[in-house]
Amino acid sequence: MKKVLYIKANPKPDSESNTFKLSNEFIEEYRKKNPGDEIIVLDLYKENIRPLDNEMITNMFSGVKDEVYEYAKLFASADKYVIAAPMWNLSIPAILKVYFDYVSYVGIAFKYTDQGAVGLLSDKGKKAIHIVSRGGAYSEGPAADYEMGDKYIRTILGFFGIYDIKTLALELTNVLQGEELEKVTHRSYEEGRRMAREF
Ligand SMILES: Cc1cc2nc3c(=O)[nH]c(=O)nc-3n(C[C@H](O)[C@H](O)[C@H](O)COP(=O)(O)O)c2cc1C
């Protein structure tokens, strides 16, 4: 039985979010294929997530087991990560960055060695998928260089030692309309269900 952490980063309700509609398609299909797996939903806007303050940082480096420590332990204990976050200003919503500040916990996600930092989450074949909706098109073409959300997620997970990372993107939601938008949306749902069966 695998433990799946479904990390949701958007203040919109599921019914109004392009990202969550897509990620829920993915999760439903995953659940059908893997009925025995545990899926833990972490809706960051419903959690007590706030930017790291001085006390939290001091706790991190002095072994005090506070909320941040608990988030880091939970993150490290998962086998699979489904990260649902729309593109915001070429990157991820700030709350997801804060969450990564929590789970980038020295001694849990990585450690310092003589050769530099080393990820601690590489041993169990962990895998992740970033599910994202974007107003424009950034997965290829001239704007690809401006995309920093997926790049950040891949880089920080790689820093922890997690390298099996996929991306499922629904793009052009602010450009296309009517039937054209419906078509790309449904295509992304199909792709999502296909990826869920292989995840
Ligand atoms: C605060 C904010 C910032 C955004 N920044 C971008 C952006 O930089 N590039 C882009 O293509 N779309 C941007 N968008 C549009 C969303 O990515 C797009 O509408 C997406 O489909 C929203 O997904 P959601 O319905 O799950 O929130 C932004 C939207 C918001 C609310």
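The values are calculated or read from the model by the stated rules, or taken from the named source; none is laboratory data. Bear in mind the structure is a predicted one, so any value in this text is a computation, not a measurement. Here the Cβ positions follow ideal geometry from the backbone for every residue, glycine too, while neighbour counts run over all protein chains shown. Only protein heavy atoms, including side chains, enter the accessible area calculation; ligands, DNA and RNA are left aside. Shrake-Rupley method; radii C 1.70, N 1.55, O 1.52, S 1.80 Å.
Points to keep in mind about this one:
- Residue list for the stretch 93-137, given a label point 7 angstrom along the Cα-to-Cβ vector of N174 and an amide N cut-off under 17 Å: 93-94, 132-137
- Here the Gaussian network model covers the chain, with springs between Cα atoms less than 10 Å apart; of I49, I153, I83, I49 fluctuates the most.
- For the stretch 1-30 versus the stretch 157-196, the gap between their alpha-carbon centres in whole angstrom: 12
- Nearest-0.05 FRET efficiency for E67 and N89, computed from C-beta distance (R0 45 Å): 0.95
- Angle in degrees between helix 149-160 and the longest Cα principal axis of the chain, rounded to the nearest 10: 30
- Whole-number D in µm²/s for the stretch 94-199 (Stokes-Einstein; Kirkwood sum over Cα pairs; 4 °C, 1.567 mPa s): 82
- Rolling a 1.4 Å probe over the heavy atoms of the protein chains gives the chain an accessible area of 52 Å² per residue.
- Estimated translational diffusion coefficient (Stokes-Einstein, Kirkwood radius over Cα pairs, 37 °C, 0.692 mPa s) of the stretch 56-105: 272 µm² per second.
- Across K21/K65; K80/K151; K21/K111; K8/K126; K32/K166, pairs whose alpha-carbon gap is larger than 30 Å: K21/K65; K21/K111
- The P(r) of the stretch 1-102 has a tail past 22 Å containing 37 percent of all C-alpha pairs.
- Two-site label geometry, K97 and N54: point separation in nm, points 7 Å out along Cα→Cβ: 2.2
- Working from label points 7 Å from Cα in the Cα-to-Cβ sense, the D79 to A143 distance is 3.7 nm.
- Among beta bridges from DSSP that stay inside the stretch 3-198, the antiparallel ones total about 15%.
- Radius of gyration (Cα atoms) of the chain, expressed as a multiple of 2.2 N^0.38 Å: 1.04.
- Using a probe radius of 1.4 angstrom, the carbon and sulfur fraction of the accessible surface of the chain is 50%.
- Residue with peak Gaussian network fluctuation, the chain [Cα springs, cutoff 10 Å], from S122, S188, S62: S62
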